[in-house]
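The values are calculated or read from the model by the stated rules, or taken from the named source; none is laboratory data. What you see is a predicted model, and the numbers here were worked out from it, not measured in a lab. Heads up, the Cβs are rebuilt from the backbone with ideal geometry, glycines too, and the neighbour counts pull from every protein chain shown.
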Amino acid sequence: MKNKKILVIGGTGALGQTLINRYKDDNKLFVFSRKEHTQEELKLIYPEVKFKIGNIKDKDSISRTILEFKPEIIVNAAALKTVWVCQDNPYESVLTNIIGHQNLMDCVSQLNHNIEALIFVSTDKACSPINVYGMSKAIAEQLYVDFSRKQDSTKCILVRYGNVLNSTGSIIPVFKRMIMSGQRYLPITDARMTRFLLTLQQATDVIDWAYNHSDSNGKIAIPKIKSLKLVDIAKEIGKACGVDDIEFKKIPIRDGEKLHEEMISKFERQRTVEYNNYFLIGHERITEHFKDDAYSSENSLAENTEKLELLKTINKFVRS
C-alpha cells in the first residue's frame, strides 16, 4: 500500500502498531481506538500519525472519524480476543465482535465515501468454533462476506490466522512473566496441545497479499504456516529466560479451549484455492482442488529445520 489514507481501527494493539510501522512512511495513517494512554504513548513515537478516541460499538464515533479523516483503506483489528474474557462476557463480545463490525459496514455504505478497501482481521478460532470468541468472529466473517456481495465499490478483504508471537495476552509474555517472577512450573492442559504460530510481520504480510490479490474480494485469505506443541514453546521460553529445568503442572482443559486449532475446516477445504504461500477460501466448491482434510495445527507440526527456526524466533522474542 502506497500513497493511501489508511485508518486502522483498534490500532493501539500489537498488530495495529505493526501496521503503523509498516505503512507510516509511504501513507497517511490514522488510528481509532479506546485506549487513551496507549494513544498518548504512541503519539510521542509517531508524531506524523493522527489519533482518534472512539469505540467500534458506537456508530456515531465511527461516522465522525470517517468524515474527518476520509480514509481510502480501513483495517479493522478491533476485538475482544481473549477466549476466557469472551466466555465470561458473551454479550460484550457480541457488541464488539459482531455489532461493532456491522456498525462499520453500515457507516461505509451510508457515507458513500469512496472507500477503496475494507480489511477484516479474523482468527483461526472462527474455524469450527467452540467458544464465544470464535463464534463471534465466525459470524463477523459472514457479515463481511455478505457485505462484499451487496456492493462493488469497496473491496472487502478477510484474513484469518493463528497465534501471533508476542502479541498482547499471548503465551510468550504470559509465560515469561511467570518465569521471571520465580515460578518454575507452567500450567499445561495437555502435552499433545498444538497451536499455529506466526510473527507480527507475517500477519501484516497476509494483509498485503490479500489486498494486492485480484481475486480476494469477499474471500478469506490464510497463510501457510506451521504449528508447534505448547510444551515445546514453553520449554523454549524457559531457556530464553535462563531456566533449563522448567516443569509442567497439568490443569483441566478450560472452557472453550481446543486441543488443536484449525485454519481451514474440512468443509471449507472444498471451496479453497491454494497458492504458493497462501490459501483463499471462496464461495463455490472447486472439485479439482478438493481435499477431505482440515488444515489444522495437529497435522501441520513443524519438524527439523522448520521447528528449529520457529524455536529460534520464539527465543528472540522472549529475549527482546
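Quick notes on this one:
- Subset of region 186-242 [among the aliphatic types (A, V, I, L, M), within 17 Å of the chain's Cα centre (by Cα) and assigned to a helix (DSSP H, G or I)]: Leu200, Ala203, Val206, Ile207, Ala210
- The set of residues in region 25-43 being under 25 Å from Leu165 (Cα atoms) and exposed (fewer than 15 other Cβ atoms within 10 Å of the Cβ) consists of Asp25, Glu36, His37, Glu40, Glu41, Lys43.
- Tabulated pairs, region 19-40, first of a type in the set (S, T, N, Q), second assigned to a helix (DSSP H, G or I), C-beta under 8 angstrom, 6+ apart or interchain: Ser33/Gly16; Ser33/Gln39
- When Phe175, Phe147 are screened for being outside the structural domain of Gln87 (by TED's automatic domain parsing), surrounded by fewer than 24 Cβ atoms within 10 Å (Cβ to Cβ) and either within 23 Å of Ala210 (Cα to Cα) or of a type outside the set (Val, Ile, Thr) (or both), only Phe175 passes.
- Number of the exception - Glu261 against (1) surrounded by fewer than 19 Cβ atoms within 10 Å (Cβ to Cβ); (2) out of contact with any Leu (no Cβ under 8 Å at 6 or more places or on another chain); (3) not hydrophobic (A, V, I, L, M, F, W, C): (1)
- Subset tally (residues that are under 19 Å from Met105 (Cβ atoms), out of contact with any Gly (no Cβ under 6 Å at 6 or more places or on another chain), of a type in the set (A, V, I, L, M) and part of a loop (DSSP other than H, G, I, E, B)) for region 25-79: 1
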